[in-house]
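Visitor: So that we are looking at the same thing, I have put the structure below in structure tokens.
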Amino acid sequence: MANISVKNILFVQDTAPCIRTIKIGTALSSKKLKIHIAYRDKTPNEVYGYGNDSFKTLIKLPQYSFRDKQIIGKLIEELNIDLIHFHNEPDKLGAKLINAKYSVPVIYDQHDFMSFKKRLSNKEKKNERVCNEQADGTVYITKSYKKEVSKYYRLIDNSIIFGNYFPKESTLNEKDFHPKLSDTDNKCHLVYLGRISEAKTEHRNILKIIKQLSNKDFVIHIYPSRDKAFKLYKKIKNVYVHNKLPYKELIKEISKYDFGLTIFNETIASKLPHIKYAMGNKSYDYLCAGIPIVVQNCLDEAKEFVLGNKFGFVMENFSEYKNLSKESYNNLVDHIIQNRKIFAMEYQINRVIDFYEKTKELFDEQKSFNNNAKKT
């Protein structure tokens, strides 16, 4: 750690800390960096049941935001902060921190690009522009996502692509895998994790796809992130809607299925850049459980990830995975187990640390240049 100058990092999030924030914070803490977090609303433990221990200090911001700039400025001094890592949505506080011109650099981590998701007000657009164009460093979740954002703003050069990688501790050991249900009934079992909807205009309404898979004699298991009735899903043959499970228990549970589904409502999702070009958590969850991925053709980034790493198949090519021989399936699982480790957050996190160092170096150089310019 002697060569690292950025040792005290202040995470800031204008909501309760999200899962990406917790995963990055946990991985950085494992490298002995001191990660503090200023957040709004609930703690990580209150939201996810864990995560508080990943942060050296937890500072709850007040309900009203007019004092945020002063509070963050005081924390920089009291905690000896070297760099601020702002996690977005919304962007208002991020823009405020960038404009504050603190004595430390501000990195903008774009979890979501809000212009993809809704019509922004003039103030919201201004905040989004400041974050993308004036931060000391920026983080984007995928290359294609960043490319789409660049159509809106003049992005800065000092940037990094950093995905929603999984925690190393989440990977299930092969010895802990459940026996496959398909070994008992000779049917192909698919599993879907995450939010689902029955609303016609929702991209998470996957009723049509689930019916299509059911009609091809797949057995589909759904683990929604919320415990609701979901009557329309339960009416479909070969479909089982399970109760929500704690994360570690869930990963072990899904190891008994054959493939994990990364799908949305194609009619809607194919028109939404924040879906097409993102890479969510569920695909990584399937890898943690040691099961191959079945990805929808319209999901550009997820499809490239799955096919490029030989982790699974395109959903629409039914025969490729439904009729896969036992030997070929086992070889695919072995390939996943051998190669998934490079997508663990702890494996990737050194790239963030190097980015911190580079950002601090550029910031200090610019500050020195400005001071010399003033003298002359």
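All of the numbers you see were taken from the coordinates with simple rules; none came from a lab. Here the structure is a predicted model, which means the values were calculated and not measured.
Visitor: Of all the C-alpha pairs in the range 164-256, what % are more than 18 Å from each other?
Guide: Values: 2172 of 4278 pairs.
Cα-Cα pairs in the range 164-256 separated by more than 18 Å: 51 percent.
Visitor: Hey, another quick one. Output the Cα-based Rg and Dmax of the range 1-124 in Å, rounding Rg to one decimal and Dmax to a whole number.
Guide: 14.3, 47
Visitor: Rounded to the nearest 500, what is the chain's calculated 222 nm mean residue ellipticity when only DSSP H runs of at least 4 contribute -39500 (n - 2.57) each, over all residues?
Guide: -12000 deg cm²/dmol
Visitor: Grab every C-alpha pair in the range 81-163, bin the distances at 5 angstrom width from 0 up to the longest one, and report whole percents.
Guide: Calculated P(r), rounded to whole percents: 3, 17, 29, 29, 16, 6, 1, 0.
Visitor: Report, in whole Å, the centroid distance computed from the Cα atoms of the range 254-319 and the range 24-96.
Guide: Here the two parts' Cα centres lie 32 Å apart.
Visitor: Share of Cα-Cα pairs in the range 168-342 beyond 28 Å, in percent? Walk me through the intermediate numbers first.
Guide: Values: 2411 of 15225 pairs.
In whole percent, the share of Cα-Cα pairs in the range 168-342 beyond 28 Å is 16.
Visitor: Is the shape of the chain rounded, prolate or oblate, going by the alpha carbon gyration tensor and its root eigenvalues a ≥ b ≥ c, with a/c under 1.5 for rounded and a/b larger than b/c for prolate? Could you put the intermediate results ahead of the total?
Guide: Working: a/c = 2.09, a/b = 1.85, b/c = 1.13.
Taking the square roots of the gyration eigenvalues as a ≥ b ≥ c, the chain is prolate.
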